[in-house]
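Written below as structure tokens is the structure these notes are about.
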Amino acid sequence: MQNRMPFIVSKTDSFYDKLGEWIGDLFYDILPEAGFELRDEQIFMAFQLEKAFKDKKVMFAEAGVGTGKTIVYLLYAIMYARYMNRPAVIACADETLIEQLVKKEGDIAKLEKVLSLNIDVRLAKSRDQYLCLKKLDQVRDSGFSDEISTIYQQLPDFVHTAGSMQSFEKYGDRRDYSTLSDDLWGQVNWDPLQDCFSCEKRHRCGLTLHRDFYRHSTDLIICSHDFYMEHIWTKESRKREGQLPLLPEHSSVVFDEGHLLEYAAQKALSYRFTEYTLEKLLTRLMENEVREKTLFTVEEALLDSEAFFDTISQFSSLSQGSEKQVITKHPLVMKACRKLHSTLQVLEEELVFESELYVINEYELKIVEEYLEQITYSLSLFLQELNGITWFEQDKGERTLVIMPKMVEEVMREEVFSQKKPFIFSSATLSNQKSFDYIANSLGVKEYLSFSVASPFEYDEKMEVHLPRFSSGISEKINYLVKMINKSEGRALILLNSKEELAEIKQRLSEEIHYPIYFEGDAEISTLVSKFQNEEHAILCSIHLWEGLDIPGRSLENVFILSLPFPPNDPVFTAKRNGTDNPFLDVDLPYMLLRLRQGVGRLIRSEKDKGTVHILINEEINPGVLQKIKEVLPTQALEH
């Protein structure tokens, strides 16, 4: 440990005392001499965090924009990891943000340079962020595009050899194919139908090699909330199957944008049943020399599945701004569900006989058996009056039933916060009316430390906020966008609430604005962010970058919020509304105001930044809502 510490700890010294002294020297002397701003709020946060690491406690660290909270938690996480000889885990809100920490302009790179530290930081991305060799082969066999051909040609030589690997390199990361659209990437990336454990290509698979690489990190492993929660829910089952957990033993966990962790926990516990997936698996099964009885049961299951999804489609309704459709549990829906559930149970029994005949490929059989087990369990939950949330999704012809547990606090309390280690929640928006009880209760946290510090920025001098009103539809808003963006010569982030909004503005902005313009989904997101940051007059349009995006300087001088970010009327938020006496005041309004604060916070990222926020509102806005918006804004708004 000692030779990796930037300060000396003798056998009689307390590590925490020496760490505190070093932190003090850093913030009062070393960092200011290197050009960092001395911020009282940052120093206060640093000494608050010491308590959480020393006592191995949960801490809610609410720090406003510009406090430099990332640098503070990185310093503690790294030093504590070296003290404990186990890496720290930094969990970001989603996959789009984990690259932000390690970009060349980011805080980790700055700390390495100023402190002459060699920080071992590795990314643990979700499995769908990696290339699947099996899917790549399938796409190549069925006729492929130039982009797919290029991916295949760029594979390392060891992928194609049969002997032992003397040396290998990491490959297959989504970022390696940054120009590929999300749709094309979906044809060749990992998906839940792949059984990596029994795949003959696994030892040459980019996903396997990446996983082995990040597990050996000595300082930091950076992942998404989703990934961390998947690690928690699959840890024991992976051990039973002879596999390593997704993450190695670690010393501490920091949840960046920690107010979003509840959604990741619910998502990780959800069950997804996709019609296309079942059809694909069972059709592939029929290509084997199976018994006639099994063949008949497979055909019956395919018909029952189609009938079930047809019935659900008939009794589902769309939610504005959401892909989640509300399902009415009509007797016809329940009848179709019971029929499919019964047929799939019979099929599971038939496959037990087939496995003993060895006529089905073992890899394919294992995938089918595991998926059928998951589906039958999902359907049994759907048939029960469970304390959960169900919805229906339909995207590009694919139909999916999703079942999500309503409350996760009990599982979180037992599986996560029972561990004796520091858990740090970091965000500018954790409290509700100055209390942290709401987030603590929703996550099953019984005891915690907390603090709150405001932003140090003088927003009255640095930011203008405009609240233009619009009486008609989106066309009038787009006219405003075009006018203002041309006036500011680009330098704009446009924040959107749905794919529908993105699609509506995409064509017109591309035609009417002659500066570089980047739309989320057209390429890998961190590549788009990097281009936007390094091209001063560019425009970035995004659905998911309301939080975590950190671009100081002239590239981002305007933030446009196309519509107020109210939550959709989908089953998840409907369930939240049903659990309160005043849904608008208790659910809709707090969510919108919190997200609005996050979006506005993208503009001023350093003491030198200045710019304008445009929140485009509708003419008929409720005066009370408008007043609440004005109250959470960091400076007085201009209405016009």
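The values are calculated or read from the model by the stated rules, or taken from the named source; none is laboratory data. Predicted model, so just to flag it, every value in this text is computed and none were measured. Backbone-built Cβ (ideal geometry, glycine too); neighbour counts: all protein chains shown. Areas reflect the complete protein model, heavy atoms only, side chains present, ligands, DNA and RNA absent. Shrake-Rupley method; radii C 1.70, N 1.55, O 1.52, S 1.80 Å.
I'm trying to understand the selection: among the residues of segment 210-237, which are in contact with a Gly (Cβ under 9 Å, 6 or more places away or on another chain) and more than 14 Å from TYR263 (Cβ to Cβ)? The answer is HIS210, and nothing else.
Among helices (runs of 4 or more DSSP H) entirely within segment 175-248, having at least 2 residues that are touching a Ser or Thr at 6+ places or on another chain (Cβ under 7 Å) singles out 225-240.
Considering segment 456-475, the residues that are open to solvent by less than 60 Å² (accessible area, probe 1.4 Å) and assigned to a helix (DSSP H, G or I) include one that is farthest from PRO567 (Cα to Cα), namely LYS462. Residues in segment 5-15: is at least one open to solvent by 80 Å² or more (accessible area, probe 1.4 Å), in a helix (DSSP H, G or I) and at pLDDT 90 or above? No, segment 5-15 contains no residue that is open to solvent by 80 Å² or more (accessible area, probe 1.4 Å), in a helix (DSSP H, G or I) and at pLDDT 90 or above.
Do we find a residue being within 19 Å of VAL121 (Cα to Cα), of a type in the set (A, V, I, L, M) and in contact with a His (Cβ under 7 Å, 6 or more places away or on another chain) anywhere in segment 232-247? Yes. Selection of segment 329-365 for residues being at pLDDT 95 or above, open to solvent by 70 Å² or more (accessible area, probe 1.4 Å) and among the polar types (S, T, N, Q) yields only GLN345. Out of all the residues in segment 95-137, which are under 22 Å from LEU184 (Cα atoms), in contact (Cβ under 8 Å) with a residue 12 or more places away in the chain and either open to solvent by 30 Å² or more (accessible area, probe 1.4 Å) or in a strand (DSSP E or B) (or both)? Those that are under 22 Å from LEU184 (Cα atoms), in contact (Cβ under 8 Å) with a residue 12 or more places away in the chain and either open to solvent by 30 Å² or more (accessible area, probe 1.4 Å) or in a strand (DSSP E or B) (or both): GLU95, ARG127, ASP128, GLN129, TYR130, LEU131, LYS134.
In summary, ASN85 fulfils each of the numbered conditions (1) within 23 Å of LYS531 (Cα to Cα); (2) surrounded by fewer than 21 Cβ atoms within 10 Å (Cβ to Cβ); (3) among the polar types (S, T, N, Q); (4) in contact (Cβ under 8 Å) with a residue 40 or more places away in the chain with the single exception of condition (1).
Consider segment 214-257 and keep the residues that are open to solvent by 40 Å² or more (accessible area, probe 1.4 Å) and within 17 Å of the chain's Cα centre (by Cα). The one that is nearest to LEU97 (Cα to Cα) is ASP226. Does ARG175 fit the bill of being of a type in the set (D, E, K, R), at pLDDT below 90 and under 21 Å from the mean Cα position of the chain (by Cα)? Taking the combined requirement at face value, the residue satisfies it. Looking across segment 429-446 at every residue that is touching a His at 6+ places or on another chain (Cβ under 9 Å) and at pLDDT 85 or above, the one that is farthest from LEU593 (Cα to Cα) is identified as ILE439. Taken over segment 367-417, the criterion of being small (Gly, Ala, Ser) and free of Cβ contacts under 8 Å to residues at least 40 places away in the same chain is satisfied by SER380, GLY388.
Residue-by-condition table, conditions (1) touching a helix residue (DSSP H, G or I) at 6+ places or on another chain (Cβ under 9 Å); (2) β-branched (Val, Ile, Thr); (3) open to solvent by less than 10 Å² (accessible area, probe 1.4 Å):
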site	(1), (2), (3)
LYS267	yes, no, no
SER270	no, no, no
LYS280	no, no, no
MET286	yes, no, no
LEU295	yes, no, no
ALA301	yes, no, yes
ASP304	yes, no, no
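Among the residues of segment 411-425, some residue qualifies, meaning at least one is part of a strand (DSSP E or B) and over 30 Å from THR635 (Cα atoms).
If you filter segment 366-395 down to residues that are of a type in the set (S, T, N, Q) and under 26 Å from MET286 (Cβ atoms), you find that the one that is most open to solvent (accessible area, probe 1.4 Å) is GLN394.
Answer yes if at least one residue in segment 436-453 is open to solvent by less than 50 Å² (accessible area, probe 1.4 Å), charged (D, E, K, R) and part of a loop (DSSP other than H, G, I, E, B), and no otherwise. Among the residues of segment 436-453, not one is open to solvent by less than 50 Å² (accessible area, probe 1.4 Å), charged (D, E, K, R) and part of a loop (DSSP other than H, G, I, E, B), which makes the answer no. Of the residues that sit in segment 487-500 and are open to solvent by 60 Å² or more (accessible area, probe 1.4 Å) and modelled with pLDDT of 95 or more, which one is farthest from the chain's Cα centre (by Cα)? Step by step, filter segment 487-500, then rank; the result is LYS487. Could you please give the count of residues in segment 51-65 that are open to solvent by 10 Å² or more (accessible area, probe 1.4 Å) and either assigned to a helix (DSSP H, G or I) or farther than 19 Å from PHE436 by Cα (or both)? Summing the residues that are open to solvent by 10 Å² or more (accessible area, probe 1.4 Å) and either assigned to a helix (DSSP H, G or I) or farther than 19 Å from PHE436 by Cα (or both) in segment 51-65 gives 3.
Residues of segment 532-554 that are modelled with pLDDT of 95 or more and in contact with a strand residue (DSSP E or B) (Cβ under 7 Å, 6 or more places away or on another chain): PHE532, ALA538, ILE539, LEU540, CYS541, SER542. Being within 30 Å of LEU593 (Cβ to Cβ), out of contact with any Gly (no Cβ under 6 Å at 6 or more places or on another chain) and at pLDDT 95 or above: is that true of LEU449 here? Judged against the criteria, LEU449 is a match.
Table: residues versus (1) touching a helix residue (DSSP H, G or I) at 6+ places or on another chain (Cβ under 8 Å); (2) at pLDDT 85 or above; (3) of a type in the set (A, V, I, L, M).
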{"position": "HIS160", "(1), (2), (3)": "no, no, no"}
{"position": "ARG204", "(1), (2), (3)": "yes, yes, no"}
{"position": "LEU209", "(1), (2), (3)": "no, yes, yes"}
{"position": "SER237", "(1), (2), (3)": "no, no, no"}
